[in-house]
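Notes for the one structure printed next.
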Amino acid sequence: METNSDSSPSVPALPASQEAPVRAAPSLRQRTEAAFRVSSSELAELFDGLTPQAKKDARHHLRVQQITFDMQNEELRQLLAATTVDGHVAVNPLGEQAPVLPDLKARPGRAEAIATNYLSAESLIDQTLSSAQAQRTLHELRVQLIEFDMQSKAFRRTQRDLDIESKRHELVLRDRELRFRQLFEKNSSVMLLIDPLSGQILKANKSATAYYGYPPEKLIGMSINEIILLSPQRIAEEMRRAVHEESSHFQFQHRLATGEVRDVEVHSTPISVGNRIELMSIVHDISERTRAEFALKQSEQALRISEKQMEIAQSISATGSWTYDLASNEIWGSAEGMRIFGLPPVAGNFPIERFQACIAEQDRERVHQSLQGLIHEGHKYDLEFTVMPADGSPARITHSMAILEADVQCKPIKVLGFVQDISKTRMMEERVRQLAFLDPLTALPNRRLLLDRMSQALAANRRSKLFGALIYLDLDNFKPLNDQHGHGAGDMLLMEAAHRLNNCVRAADTVSRIGGDEFVVLLGDLATEQAQAAEQAGKLAEKIRLALAEPYLLPGGSESETIEHHCSASIGVVLIEPQHHSVEGLLKRADAAMYHAKEQGRDRVQFYEAPTEVASEDVVVPG
């Protein structure tokens, strides 16, 4: 018996008296109930939050626990069978007063050994334990057996729930994997899975093989370095940025199997596959967009150049562009347009009232009416007006034209126009006119303008039946002044003579220098009677003679020198009858009368005396 005691490990004994029994069962039940109070749904939720490896470890641990509880339950059943003989409880072979509970962590063989010891000591039961103690010990064993059965069932339920949840997750993952595979394979966009460490293409969908022109077995396994036209170092850096999500959008140039280079836009996202990271890359060909953007940039550059050239052209031609917005009642003006109106030469908007304020008062209403006629009636806007610049610079003569812009409903929305500073043009035109029709020295009408005005006078005389007169004069003693003091002195004398002539005639009369020292005065609207007209012409001719005979004080070569010169005039006069129409004939007659005055001794007035026969070309028959 002592040998059996030494070979058997010590086990905790029940207390000897009934008053202080060991009550481990209630505490164990409470712990069991608390441990399995968690509902299946909550347990599934907790299980769902685990990583795949943690889920695998949990399932393994639960299976181990289930096996352990099964072993413990079997051990208790064997012990209960061994200690119950005809309703009596066996004693401890060592002779202790209390029965011994088995070690719950013992191996299955341990229960068999204890049961054998209890069976060999069956004869001592009645001697060692009272009936009450035996019943209490049996009751405690049964309670533990029931509790362990409860634990085993609870673990089985938990294992079943976890197995169901695991299968559900497996189905979900399988469905997601199938969906992803279909999305990847059947997507019309080019899609690649790339190893960011090696740059190897792990997967490629059908669109990728069709786009790059490689067969699937060739494309899968290729290095992305063979496709992207960048250095390996740059490609590695871009993949690092994509893995760390520093950037997900890239633009590259990809080389196809044919050698063609295409511009692409790549959206790359890191995804977890097991314990490694892969890059999901979606590739879009943007070659057409890139070409369009390049063409747009070229167009924008060409537009900027064109605008600059337009500014230069407008500056050279003194032409500005303007746009009148009817909705805002503002005018946009180009830089040159702003300059014309005396505003800072920078393109911009200004109220139309400011535009109107720069128009000369005598033209303001005319310009306003013309603009309103264009807007409301569609009339032509093409006019000249004077601008009084806002900066106080000299007045400018401008020419402006505009057209109307309407919306799709034909409602006027804008007026598009140009304005040109034609002040220099008008000055040049006036200068040309002066060179063509005026004497450059005296600014008197030259022979051409005189002939034109004589034609107008003849036509007016025929309508009014009034006489006119033509006075032809030549300065006497003019050549000695040129010979003695030079042409400068002669020019000053001619200008003084022109001034005196203008002071002698009416505003409607014409004083002309037709060459050298010869002048012609055209008188119009004299009397209707020939004698009275001759008297009027004679008086004016005499007035001219006296004025020209006054001494001339001309500046000499030095500031203090003054040249005094006496000069007279030989004057020929011819009356212009209403029926005359030959301008050249009148000039010939006046010239003849002037030479007749010179022959008579100069410094005198001589009327033209018609010869006996009058040339037919000099007379117009009435009717």
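The values are calculated or read from the model by the stated rules, or taken from the named source; none is laboratory data. In this text the structure is predicted, and so the values were computed from the model without any measurement. Every residue, glycine among them, receives a Cβ derived from its backbone with ideal geometry; neighbour counts consider all protein chains shown. Only protein heavy atoms, including side chains, enter the accessible area calculation; ligands, DNA and RNA are left aside. Shrake-Rupley method; radii C 1.70, N 1.55, O 1.52, S 1.80 Å.
Can you give me the number of residues within the stretch 427-440 that are surrounded by 13 or more Cβ atoms within 10 Å (Cβ to Cβ) and not charged (D, E, K, R)? Of the residues in the stretch 427-440, 3 are surrounded by 13 or more Cβ atoms within 10 Å (Cβ to Cβ) and not charged (D, E, K, R).
For the stretch 179-204, a residue qualifies if it is within 21 Å of residue 232 (Cα to Cα) and open to solvent by 70 Å² or more (accessible area, probe 1.4 Å), and the qualifying residues are 197, 200, 203. Return the residue satisfying two criteria in turn: it lies in the stretch 250-270 and is of a type in the set (D, E, K, R) and out of contact with any helix residue (DSSP H, G or I) (no Cβ under 8 Å at 6 or more places or on another chain), and of such residues it is farthest from residue 197 (Cα to Cα). Within the stretch 250-270, the match that is farthest from residue 197 (Cα to Cα) is 260.
So, residue 392, is that one farther than 17 Å from residue 425 by Cβ, within 36 Å of the chain's Cα centre (by Cα) and of a type outside the set (D, E, K, R) or not? Here the answer is no, as residue 392 does not meet what is asked. When restricted to residues that are aliphatic (A, V, I, L, M) and part of a loop (DSSP other than H, G, I, E, B), the stretch 404-454 contains 5. Residues that are at positive phi and either of a type in the set (Gly, Ala, Ser) or open to solvent by less than 70 Å² (accessible area, probe 1.4 Å) (or both) within the stretch 515-572 comprise 515, 516, listed in sequence order. Note on the stretch 245-269: residues that are open to solvent by less than 70 Å² (accessible area, probe 1.4 Å) and acidic (Asp, Glu) total 2. Taking the numbered list (1) closer than 30 Å to residue 515 by Cα; (2) surrounded by fewer than 17 Cβ atoms within 10 Å (Cβ to Cβ); (3) free of Cβ contacts under 8 Å to residues at least 40 places away in the same chain in turn, residue 424 passes all entries but (3). The residue list 168, 174, 181 contains one member that is modelled with pLDDT of 80 or more, part of a helix (DSSP H, G or I) and basic (Lys, Arg), which is 168.
Residue 247 meets all of the listed conditions (1) outside any loop (DSSP other than H, G, I, E, B); (2) without any contact (Cβ under 8 Å) to a residue 12 or more places away in the chain; (3) in contact with a helix residue (DSSP H, G or I) (Cβ under 9 Å, 6 or more places away or on another chain); (4) polar (S, T, N, Q) but one, namely (1).
If you go through the stretch 184-208 and keep only what is of a type in the set (Gly, Ala, Ser), free of Cβ contacts under 8 Å to residues at least 60 places away in the same chain and not in a loop (DSSP other than H, G, I, E, B), you end up with 204, 207. Of the residues that make up the stretch 599-606, is at least one assigned to a strand (DSSP E or B), closer than 19 Å to residue 537 by Cα, modelled with pLDDT of 90 or more and in contact with a Gly (Cβ under 9 Å, 6 or more places away or on another chain)? Scanning the stretch 599-606, I find at least one residue that is assigned to a strand (DSSP E or B), closer than 19 Å to residue 537 by Cα, modelled with pLDDT of 90 or more and in contact with a Gly (Cβ under 9 Å, 6 or more places away or on another chain), so the answer is yes. Residues in the stretch 573-586 that are open to solvent by 30 Å² or more (accessible area, probe 1.4 Å) and farther than 25 Å from residue 542 by Cβ were compared, and the one that is modelled with the highest pLDDT is 584.
Pick from the stretch 143-178 the residues that are basic (Lys, Arg) and more than 60 Å from the chain's Cα centre (by Cα): which of them is nearest to residue 272 (Cα to Cα)? Taking the candidates together, the pick is 160.
So, residue 460, is that one in a helix (DSSP H, G or I), of a type in the set (A, V, I, L, M, F, W, C), under 30 Å from residue 534 (Cα atoms) and open to solvent by less than 60 Å² (accessible area, probe 1.4 Å) or not? Judged against the criteria, residue 460 is a match. Residue-level check: of (1) within 24 Å of the chain's Cα centre (by Cα); (2) touching a residue at least 12 places away in the same chain (Cβ under 8 Å), residue 304 misses just (2). Among residues that are part of a loop (DSSP other than H, G, I, E, B) and within 37 Å of the chain's Cα centre (by Cα), residue 344 is included. Within the stretch 360-392, being more than 20 Å from residue 341 (Cα to Cα), open to solvent by 20 Å² or more (accessible area, probe 1.4 Å) and either in contact with a helix residue (DSSP H, G or I) (Cβ under 6 Å, 6 or more places away or on another chain) or small (Gly, Ala, Ser) (or both) holds for 378, 379. The residues of the stretch 210-224 that are buried (at least 16 other Cβ atoms within 10 Å of the Cβ) and either assigned to a helix (DSSP H, G or I) or aromatic (Phe, Trp, Tyr) (or both), listed by number, are 211, 212, 214, 219, 224.
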